[in-house]
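The values are calculated or read from the model by the stated rules, or taken from the named source; none is laboratory data. Keep in mind it's a predicted model, so treat the numbers as computed, not measured. Every residue, glycine among them, receives a Cβ derived from its backbone with ideal geometry; neighbour counts consider all protein chains shown. With ligands, DNA and RNA removed, areas are computed over all heavy atoms of the protein, side chains included. Shrake-Rupley method; radii C 1.70, N 1.55, O 1.52, S 1.80 Å.
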Amino acid sequence: MASMAVQLLGFFLGLLGFTGTVVATVLPHWRSTAYVGSNIITATTQMKGLWMECVWHSTGIYQCELYRSLLALPRDLQAARALMVLSCVTSVLASVVSVMGMKCTRFARDSLIKSPLVLSGGICFLCAGLLCLITVSWTTNDVIVEFYDPFLPSGLKYEIGLAVYLGYASACLSLAGGLVLCWSSSADRSRSPLLMQRSQPSSPPPPFNNIYPPAPLYKPPEALKGNHAPSLCSLSSNGYRLNNYV
């Protein structure tokens, strides 16, 4: 029962991480305008994401435009797109495999394949969390390097957006869920040999003991007790010798 609860905890942590990764991938709040130097106009805020670029006006109006050309994008943005999409796909695979391997599901119940499926799901959640963590860390490094670049104009400098912080939280949740699932799988594997040893009998029961009773001991009949051939010693004692007949 405790193992089932641990598996459910790890699965829901990974599912929360997957949801946060999808939201962070779609949102355009990866980079927001930095108000430094002479750039003190706060009537508009420019935001850049992986798929679109948006402008927020002080009146509450959003204007977004999708990136039309894929090849015209910078290489770091293309790589961030690929890594986040791969993280989402890996999380989907991890969710499906984990559901099939958990003890609360009917798939392959009482089978030895349950524990490897849970372990595979945990590893997939770990991979998804690492992919998301690499992407947001890479973006954070680029934003910080550009912000402190003295040769870059103030109007082109950006700050870290909310989607990046959401990506960090989602990566931590996915990693935590993967670790919990892997730990539960290893605990089940360590318990299974002990259960098998306890289930085996200490010594096999003797065959046919309860079906056929043991055979009685052989006793010769009374008529045959004295009916036996005389030995050589008895012949010599009666006065007969074998030399007389040779």
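Using the structure shown, decide if Thr45 is free of Cβ contacts under 8 Å to residues at least 60 places away in the same chain, under 21 Å from Glu159 (Cβ atoms) and of a type in the set (Val, Ile, Thr).
Yes; evaluated as a whole, the condition is true for this residue.
If I ask for residues that are open to solvent by less than 60 Å² (accessible area, probe 1.4 Å) and either within 13 Å of Ser98 (Cβ to Cβ) or not in a loop (DSSP other than H, G, I, E, B) (or both), which ones from the stretch 16-36 would you list?
Answer for the stretch 16-36, where residues must be open to solvent by less than 60 Å² (accessible area, probe 1.4 Å) and either within 13 Å of Ser98 (Cβ to Cβ) or not in a loop (DSSP other than H, G, I, E, B) (or both): Gly17, Phe18, Gly20, Thr21, Val22, Ala24, Thr25, Arg31, Ser32, Thr33.
Given the conditions (1) of a type outside the set (Phe, Trp, Tyr); (2) open to solvent by 60 Å² or more (accessible area, probe 1.4 Å); (3) at pLDDT 95 or above, and given that Arg106 satisfies all but one, which numbered condition is not satisfied?
Failed condition: (3).
Within the stretch 68-117, can you find the residues that are in contact with a Lys or Arg (Cβ under 6 Å, 6 or more places away or on another chain) and among the hydroxyl-bearing types (Ser, Thr, Tyr)?
Of everything in the stretch 68-117, just one residue is in contact with a Lys or Arg (Cβ under 6 Å, 6 or more places away or on another chain) and among the hydroxyl-bearing types (Ser, Thr, Tyr), namely Ser115.
Can you name every residue in the stretch 114-143 that is open to solvent by 80 Å² or more (accessible area, probe 1.4 Å) and without any contact (Cβ under 8 Å) to a residue 12 or more places away in the chain?
Asn141
For Lys157, which of the numbered conditions (1) surrounded by 17 or more Cβ atoms within 10 Å (Cβ to Cβ); (2) at pLDDT 95 or above; (3) not hydrophobic (A, V, I, L, M, F, W, C) fails to hold?
Among (1) surrounded by 17 or more Cβ atoms within 10 Å (Cβ to Cβ); (2) at pLDDT 95 or above; (3) not hydrophobic (A, V, I, L, M, F, W, C), the lone unmet condition for Lys157 is (2).
Kindly list the number of the only condition in (1) in contact with a Gly (Cβ under 7 Å, 6 or more places away or on another chain); (2) not in a helix (DSSP H, G or I) that fails for Ser98.
Every condition holds for Ser98 apart from (2).
Among all residue pairs at least 6 apart or on different chains, which show Cβ distances below 9 Å where the first residue, located in the stretch 69-84, is under 22 Å from Thr21 (Cα atoms) and touching a residue at least 24 places away in the same chain (Cβ under 8 Å) and the second is open to solvent by 50 Å² or more (accessible area, probe 1.4 Å) and not in a helix (DSSP H, G or I)?
What qualifies is Leu77/Lys48; Leu77/Tyr67; Arg81/Trp51; Arg81/Leu70.
Only residues that are among the hydroxyl-bearing types (Ser, Thr, Tyr) and either surrounded by 13 or more Cβ atoms within 10 Å (Cβ to Cβ) or touching a Ser or Thr at 6+ places or on another chain (Cβ under 8 Å) (or both): list them for the stretch 42-99, please.
Thr42, Thr44, Thr45, Ser58, Tyr67, Ser87, Thr90, Ser91, Ser95, Ser98
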